[in-house]
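Notes for the one structure printed next.
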Amino acid sequence: MHAKNIFTRFKSSMNTITANYNYNLNTIQPTKFNKTIGFTSLRPMLNDSVEFSKKVITEKDYKKAQKYADRMSHLPKLLWGKEKTLGNMDMKKVEGLQYGIPVFDGMSMKEIAFSIDSIHTIATLRSCKNACLHCYADARPNTKFEKTEGLTNRMTFEDFENLTDGIQELKNRLGSISINSSHKDSPRAKHLYREGSLFHDSDSIELYLKDKNGETHYFPELNKKMIESTGQHGFF
C-alpha cells in the first residue's frame, strides 16, 4: 500500500465506503443492469490513490478546537436544535481537534467528519477467487496486488489498529458528541448506517490480519475494535 500516512493507505489501497457515496462517485461504477449508484450496485473501486488537503495543524489550533468541542459537548441536546454529531459542528471552529492523531495527518476536520460518519466498509482485504455470478461487488481475482511493488491485498494489523485507535481518540476528544449521524432524511433503512463490514470485494471467510510479529488476528477481535471505535456493529 502507498505510504503517505496510515489513513491515506486505509482510504486508498484498502478503500472505505461511507454510507454517503458521493465522495467516491468518480471511482464507483454502476452495473449494466442498474444505473443508480447504491449499495447493491457498487463495483470495486478503480483508483488506488486519494488526495487530501494536506492540512498543517499546530498545538495552538488543537487547544482552541478542544475548548470549542468541550463547550459543545456540555451543551444540552435541546439547545443544539439538531443532531449532536461531529458533522453538525462548525468545521472552522473544530479544525485542530485532529492534532497529534497520526491516522488523520494532513486531513482537514471536514474531510475527517465526512470519512468516518457511518463507515459502510473497511476493506481490510481485496480481491476474491470465488467468481460468484451473483456478487454485488463484481469481485474477482486481482493480480495487480501481487505484481505491483508497494501494494498489498491485505491490510496489516498495525494499520487497522492505528485507524481504530485514531477514531477512538477523536471520539474521546468530542466527549458526548457522536461521530455518526442517523441519516434521517435517507430513503435507505436506518439499520444500514449502524452496521459496517470489514470486507467488500472479497470473501469474509478469509478475513484475518497479521501483525509485524506474524501473529494472526481474526474477525472477533477486529470486529470488536470496529464496534468500540466507530459504534457500528460488523457482519460476517
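The values are calculated or read from the model by the stated rules, or taken from the named source; none is laboratory data. Since we're looking at a predicted model, the values are computed, not measured. Heads up, the Cβs are rebuilt from the backbone with ideal geometry, glycines too, and the neighbour counts pull from every protein chain shown. Only protein heavy atoms, including side chains, enter the accessible area calculation; ligands, DNA and RNA are left aside. Shrake-Rupley method; radii C 1.70, N 1.55, O 1.52, S 1.80 Å.
Of the conditions (1) charged (D, E, K, R); (2) in contact (Cβ under 8 Å) with a residue 24 or more places away in the chain; (3) within 16 Å of I179 (Cα to Cα), K64 clears all except one; give me its number.
(3)
What tally of residues in segment 111-138 results from selecting those that are among the aliphatic types (A, V, I, L, M), out of contact with any His (no Cβ under 8 Å at 6 or more places or on another chain), farther than 16 Å from D165 by Cβ and crowded, with 19+ Cβ neighbours inside 10 Å? Don't jump to the end; show me each part of the working.
Within segment 111-138, the subset among the aliphatic types (A, V, I, L, M) is 112-113, 116, 119, 122-123, 125, 131, 133, 137.
Adding the requirement that they be out of contact with any His (no Cβ under 8 Å at 6 or more places or on another chain) leaves 112-113, 116, 119, 122, 125, 131, 133.
Filter once more, so that each one left must be farther than 16 Å from D165 by Cβ: 113, 125, 131, 133.
So of that shortlist, the ones also crowded, with 19+ Cβ neighbours inside 10 Å come out as 113, 125.
So the answer is 2.
Which condition breaks for L170 when tested against (1) crowded, with 20+ Cβ neighbours inside 10 Å; (2) aliphatic (A, V, I, L, M); (3) at pLDDT below 95?
(3) is the only condition that L170 fails.
Suppose we filter T216, T230 for residues that are modelled with pLDDT of 95 or more and open to solvent by less than 50 Å² (accessible area, probe 1.4 Å); which single one remains?
Result: T216 is the single residue among T216, T230 that is modelled with pLDDT of 95 or more and open to solvent by less than 50 Å² (accessible area, probe 1.4 Å).
Just checking, how many residues over segment 66-110 are open to solvent by 50 Å² or more (accessible area, probe 1.4 Å) and outside any helix (DSSP H, G or I)?
Matching residues across segment 66-110 total 9.
All but one of (1) touching a Lys or Arg at 6+ places or on another chain (Cβ under 8 Å); (2) assigned to a loop (DSSP other than H, G, I, E, B); (3) not small (G, A, S) hold for Y136; state the number of the condition that does not hold.
Only one criterion is unmet by Y136, namely (1).
Just to be sure I understand the filter: pairs with C-beta atoms under 7 Å, separated by 6 or more residues or on different chains, first member in segment 85-97 and within 16 Å of G175 (Cα to Cα), second member open to solvent by 50 Å² or more (accessible area, probe 1.4 Å) and assigned to a loop (DSSP other than H, G, I, E, B). Which pairs pass?
N88/K82
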